[in-house]
Structures are given as structure tokens and as C-alpha cells.
1. With respect to the numbered conditions (1) within 21 Å of the chain's Cα centre (by Cα); (2) assigned to a strand (DSSP E or B); (3) not aromatic (Phe, Trp, Tyr), which one is the sole condition not fulfilled by Glu65?
2. Got a number for residues in the range 191-223 being open to solvent by 80 Å² or more (accessible area, probe 1.4 Å) and in a helix (DSSP H, G or I)?
3. Could you say whether any residue in the range 177-189 is more than 21 Å from Asn72 (Cα to Cα), touching a residue at least 12 places away in the same chain (Cβ under 8 Å), surrounded by 12 or more Cβ atoms within 10 Å (Cβ to Cβ) and out of contact with any Leu (no Cβ under 7 Å at 6 or more places or on another chain)?
4. Does any residue of the range 29-48 turn out to be in contact (Cβ under 8 Å) with a residue 40 or more places away in the chain, open to solvent by less than 70 Å² (accessible area, probe 1.4 Å), closer than 14 Å to Leu109 by Cα and assigned to a strand (DSSP E or B)?
5. Among the residues of the range 72-81, which ones are assigned to a loop (DSSP other than H, G, I, E, B) and touching a strand residue (DSSP E or B) at 6+ places or on another chain (Cβ under 9 Å)?
6. Between Leu55, Leu48, which is closer than 21 Å to Ser120 by Cβ and of a type in the set (A, V, I, L, M, F, W, C)?
7. Collect the residues in the range 67-85 that are open to solvent by less than 10 Å² (accessible area, probe 1.4 Å) and farther than 14 Å from Thr119 by Cβ, keeping them in residue-number order.
8. State all residues of the range 1-38 that are closer than 13 Å to Ile67 by Cα and at pLDDT below 95; if no residue qualifies, say none.
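The values are calculated or read from the model by the stated rules, or taken from the named source; none is laboratory data. Keep in mind that this is a model prediction, so the values were computed, not measured. Note that we place each Cβ from the backbone using ideal geometry, even for glycine, and neighbour counts take in every protein chain shown. When the accessible area is computed, the model is the full protein with side chains, heavy atoms only, and any ligands, DNA or RNA have been set aside. Shrake-Rupley method; radii C 1.70, N 1.55, O 1.52, S 1.80 Å.
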Amino acid sequence: MKKLLIVEDEPDIQELLEAYLHDAGYETTIAEDGVEALAKFQKDKFDLILLDLMLPKIDGFGVCEFIRRESNVPILMLTALDGEQEQLRGFRMEIDDYVTKPFSMPILLQKIRAILRRTSAEKEENRCLRYRDLTLDLDGMEAVLAGRSLDLTTREFELLQTLISSPGRVFTREVLLAKLWGYDFFGDERVVDSHIKNLRRKLGTEYIETVRGVGYRAAKENP
């Protein structure tokens with residue numbers, strides 16, 4: 001049975017979601033504010049999180065930011081905020097879908113099923129990422145280059161994974177900072193340059209290209 005965390009402070013919507021999802025065969029847990037949501041997230045494992053934005057104590061964006069630092073658990077934002085900026089902000093934080101209130105329960109249920117089907121399929125795939133003669137074991141956090149294991153820090157591994165996951169895409173320093181260090185990071189952008197320098201030294205070859213004045217990328221074309 002799939003376990004869903006419902007983060008919602010309105011009792012009527014809590015009751016509606018819980019009853020409908022129980023009937024659909026899901027196990028649910030309720031959190032009424034952002035602090036309670038994070039406590040329950042850290043205590044248990046969930047297959048999907050339904051997340052309201054306008055929450056007491058910590059809003060939905062704050063909850064999402066914290067969770068994304070720790071987990072790739074699917075997040076479906078369910079909120080009365082229907083503005084474009086709120087939706088774009090949510091997708092920049094790597095949510096899986098955004099549903100505005102009032103909503104149709106049958107449609108919401110189909111969206112939940114679609115997300116769970118996709119994530120289940122992804123889990124069944126071999127969790128390795130390959131680029132040229134470099135292989136990243138995403139579960140074991142191990143990088144192997146031409147049969148040689150690389151001694152990478154967690155941040156270096158995450159940075160390398162981000163770049164080679166999208167060969168040819170240019171990542172600005174700002175995007176890399178937000179993705180890997182968090183949206184509330186106020187340090188110097190040169191921390192990205194420092195990590196890139198260390199990665200290049202450990203790789204011993206030019207896998208990471210500098211796009212002058214913009215950022216970094218892994219080359220799209222294989223040699």
C-alpha cells in the first residue's frame with residue numbers, strides 16, 4: 001500500500017482527501033502545518049506528498065525546499081494560489097505537479113496514480129548514469145572513470161551528476177547554487193568555480209566545459 005503525506009491546514013479538505021484516498025487504496029498521514037510536516041517526513045517514508053502552500057509556521061515552499069535537500073520523493077502542490085509565479089517557483093523547486101483549488105477529486109486521483117507509476121518505473125531501472133567512460137552509481141554515490149574509482153565529496157558527486165544528466169545544457173552558477181546549495185544560500189558564487197576546479201583535477205580530463213560569462217556544461221557530443 002502506497003503511503004501519502006497530506007500537508008493541509010483546512011479540516012474540510014483534510015477530511016475529503018483522507019476519505020477519498022483511503023477508498024482508492026492509499027494509506028494517508030495528515031500534517032496540519034509546516035513544522036509537523038517536516039517532523040513526519042523525517043520520521044517516516046512516503047511515496048508521495050500532497051503539499052499545500054499557505055501553511056502555518058513554515059509555508060509550503062519552505063517545506064518543499066527542505067525536503068528537496070533530503071529526498072526526491074514526489075511532491076504534488078495542492079493550493080489556492082493559482083498565479084504563474086507561484087507555479088513556476090514550484091517547478092523550479094522540482095515538484096512533480098501543481099493543482100489549484102478548487103479541484104476535481106477524480107482528476108487529482110489520476111494525477112497521483114500517474115506520478116506513482118512514473119516513479120515506480122524509475123526505481124525499477126538501473127540507478128546508474130553513464131557518460132562517455134564515466135559511470136555514476138546514484139544509489140551508492142560512487143563514480144567510476146574508465147574502471148578507476150574517483151574519490152569525490154558528496155557535493156562534487158551531485159555537481160557532476162547534475163551536469164552529465166543533461167549533456168549540452170548550460171547551467172549558470174546561480175542555478176547550480178540554488179539546486180545544490182539551496183535557495184537560501186547567501187555565499188559567494190565562486191564556491192561553484194572551486195568545486196568545478198576540484199572535479200576537473202580528479203577527473204583528469206576535460207568533461208566539463210566553461211561557457212564564458214554564463215556557466216558550465218557537459219559536452220553534448222561524444223568524442
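1. Glu65 satisfies all of (1) within 21 Å of the chain's Cα centre (by Cα); (2) assigned to a strand (DSSP E or B); (3) not aromatic (Phe, Trp, Tyr) except (2).
2. Number of matching residues: 2.
3. No, the conditions are met nowhere in the range 177-189.
4. So far as the range 29-48 goes, yes, one or more of its residues are in contact (Cβ under 8 Å) with a residue 40 or more places away in the chain, open to solvent by less than 70 Å² (accessible area, probe 1.4 Å), closer than 14 Å to Leu109 by Cα and assigned to a strand (DSSP E or B).
5. Within the range 72-81, Val73, Pro74, Ala80, Leu81 meet the criteria.
6. None of the others qualify; the one that does is Leu48.
7. Residues satisfying the conditions are Ile67, Met77, Leu78, Thr79.
8. Matches in the range 1-38: none.
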